[in-house]
Amino acid sequence: MTCMQLLNTIGLVFAMVGVLIIFRFGPPQPTLEPGVGLGLEDGTLLPNGRTVADHNRAVEKRRFLHSRTSKIGLGLVFLGFAFQLWATWS
């Protein structure tokens, strides 16, 4: 296997892994639902036994993980294209 083939293969693997990550953790989209949400205080108990503050913390953790992971996936796709471009121009 030549150096160019190796670079191209590495680029393809990075791009495929990045696409799989983006497929699972796509970039966050805006909420386009009509209507007005009901505001509850942090201490309000929800039907599942947790408080609104507990729910908000869990949602914020998921949002952070989702956002960071989707950016990693996008970075892998760009890195894969960079390796392929390097293999082509070397």
Hey, could you check segment 1-43 for residues that are surrounded by 12 or more Cβ atoms within 10 Å (Cβ to Cβ) and in a loop (DSSP other than H, G, I, E, B) and say which is modelled with the lowest pLDDT? Leu40
For the condition surrounded by fewer than 15 Cβ atoms within 10 Å (Cβ to Cβ) and over 17 Å from the mean Cα position of the chain (by Cα), what is the one hit in Gly75, Gly49? Gly49
Does at least one position in segment 57-71 carry a residue that is charged (D, E, K, R), in contact with a strand residue (DSSP E or B) (Cβ under 7 Å, 6 or more places away or on another chain) and loosely packed, with under 13 Cβ neighbours inside 10 Å? no
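The values are calculated or read from the model by the stated rules, or taken from the named source; none is laboratory data. All values reported here derive from a predicted model rather than from experimental measurement. Virtual Cβ from ideal backbone geometry, glycine too; neighbours counted across all protein chains shown.
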